[in-house]
Amino acid sequence: MHIEKAKRIEQIPPYLFAEIDKKKEEMRKKGMDLIDLGIGDPDLPTPRPIIERMKKAVENPGNHHYPSYEGMFQFRQAAANWFEKRFHVSFDPKTEVLALIGSKEGIAHIPLAFVNPGDYVLVPSPGYPVYRVSTLFAGGTPYFLPLLKENGFLPKLSGIPKEVAERSKLLFINYPNNPTAAIAEGSFFEEVIAFARRYGIIVCHDAAYSELAFDGYRPLSFFEIEGAKEVGIEFHSLSKTFNMTGWRVGFAVGRAEIVSGLGRVKTNIDSGLFQAIQEAGIEAFHHFDTPIPEIIRIYEGRRDVMVKGLREMGLEVDSPRATFYLWIRVPRGFTSAQFATLLIEQAGIVATPGNGFGEAGEGYIRMTLTVDESRLQEAIGRLKKINF
Ligand SMILES: Cc1ncc(COP(=O)(O)O)c(C=O)c1O
């Protein structure tokens, strides 16, 4: 029997990191000691109080059943309380907060609630790949908004043709940004709100990195800006804030009709989030003030080592004020893929080619700070020995 995949799978562009994965395997076989700066996954453990709460929660038979679709009320309440304390905006946990199996899950499902075949979705390029793929799965057409250095890696909304804006249902934005590490100020969000109102577009703000910021900088929530509640939903994640990527826990807040649209999709696809994990999430919100200073200090130290070292070898890189990413311009004469290949072949350093995040990422590579400082020193030492 011939097995044919659905068109929705076939239309997904080939896995752009496949080349690098192949290369990694090849270098490993040759015995190369790889320093992997390609992965956006914290190397640090989940804080102890969260783990202890999880252990207790697992023992409780009351947690062994199907959870409620929208999340335990106590979890949604804890998320709303954390949000109010951190951003001074209140949400009704009953109607405006939804538990997610990681923020990726919400981002992947939201187009199914609002996008009809033929609709546009405005998607940043470079950007987290799920915005594009979830749009395609819903039958929508991604319209890419280039994030360019000269615009501070913010999309230029005035450049979107009127006929595209009129047929757009969703706009994805993400600040602090993966992969560029750019941040957004209130004036940008004001512009987004005005644009969304004019064209009736739902704004999906991905705030997965809101609690990873340095030098005292505190990223804004989209909802701190007047008018955001009319047009938006914001995705939050416990993954990077509390080193909990493997636990799969996040939440969304926003206008009730938008949140309930996403909830309706979820009730038909998943059966909610394991209650013990929700209890651990409650502990995370109650126990810690975010950002957690020890975590931030570690990333700041790593960032300083890398930015200094990379600049000493003549590479162009901004020192990020948030996220654990470095967005590095490749030297003249190289494509993103060629430079990434050179780094892995000659220094055993794994970086992600920028074009893997969208066409406008060409000309950059992304490195992560999820490796300890001594290994980063070692990485810089090795990089200084190669010629480019
Ligand atoms: C920009 C962005 N959004 C969302 C996510 C998803 O995070 P999670 O599903 O772990 O909450 C990631 C993960 O790397 C990300 O980089």
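Read the figures in this text as sums done on the coordinates, not as results from a lab. Quick caveat: nothing in here was measured; it's all calculated off a predicted structure. All Cβ positions, even for glycine, are placed from backbone atoms using ideal geometry, and neighbour counts span all protein chains on display.
Overall, the chain carries a charge dipole of about 580 debye about its Cα centre when +1 sits on the Cβ of Lys and Arg and -1 on the Cβ of Asp and Glu, all other atoms neutral. Residue by residue, the stretch 20-27 carries 3J(HN,Hα) couplings of 5, 4, 4, 4, 4, 4, 4, 5 Hz when phi is fed to the Karplus relation 6.51 cos²θ - 1.76 cosθ + 1.60 (θ = phi - 60°); x denotes Gly or Pro.
Using bins of 10 Å that start at zero, the share of Cα-Cα pairs per bin across the stretch 333-388 amounts to 24, 51, 23, 1, in whole %. Estimated from helices alone, the mean residue ellipticity of the chain at 222 nm is -12000 deg cm²/dmol (sum of -39500 (n - 2.57) over DSSP H runs with n ≥ 4, per residue). Between amide H atoms placed 1.01 Å from N, distances below 5 Å from Thr141 occur with Gly118, Asp119, Tyr120, Val121, all of them 5 or more places distant or on a separate chain. Straight-line cross-link reach from Lys156 at under 18 Å between alpha-carbon atoms covers these lysines, not counting any fewer than eight positions away in the same chain: Lys169. When you filter the trypsin sites (Lys or Arg not before Pro) in the stretch 250-351 for DSSP loop state and at most 12 other Cβ atoms inside 10 Å of their Cβ, you are left with Arg332.
Hey, got the dipole for the stretch 118-215? About the Cα centre, +1 on K and R Cβ, -1 on D and E Cβ, debye to the nearest 20? Can you show the working numbers first?
Details: 8 positive and 10 negative charges, 78 e Å.
The dipole magnitude comes to about 380 debye.
How many angstrom lie between the Cα centre of the stretch 203-220 and the Cα centre of the stretch 80-103? Here the answer is 15 Å between Cα centres. Which one, Phe288, Thr323, Ser210, projects farthest toward the positive side of the charge dipole computed for the chain from Cβ point charges (K/R +1, D/E -1)? Final value for the positive-end residue is Thr323.
Would you list which lysines come within 24 Å of Lys24, measuring only between C-alpha atoms, while excluding same-chain residues fewer than 8 positions from it? Of all the lysines, those that pass the test against Lys24 - Cα under 24 Å, at least 8 places apart if same chain - are Lys384, Lys385. In sequence order, the stretch 211-219 has phi-based couplings of 9, 10, 9, 10, 6, x, 6, 10, x Hz under the Karplus curve 6.51 cos²θ - 1.76 cosθ + 1.60, θ = phi - 60°, and Gly or Pro positions carry x.
Projecting the Cα atoms of Asn151, Pro176, Gly140 onto the charge dipole of the stretch 48-287, computed from C-beta unit charges around the Cα centre, puts Gly140 farthest toward the positive end.
Couplings for the stretch 222-230, taken from phi via the Karplus curve 6.51 cos²θ - 1.76 cosθ + 1.60 with θ = phi - 60°, read 4, 6, 6, 9, 3, x, 5, 5, 6 Hz in order; Gly and Pro are left as x.
For the chain, with a Gaussian network of springs between Cα atoms less than 10 Å apart, report the residue from Leu212, Leu273, Leu34 with the top mean-square fluctuation. In the Gaussian network model the winner is Leu34. In loop segments of the stretch 99-186 as defined by DSSP, the GluC sites (Glu not before Pro) with at most 14 further C-beta atoms inside 10 Å of their C-beta are Glu185.
In this structure, the amide hydrogen of Ser125, modeled 1.01 Å from its nitrogen in the peptide plane, lies closer than 5 angstrom to those of Leu145, Leu147, counting only residues at least 5 positions away or on a different chain.
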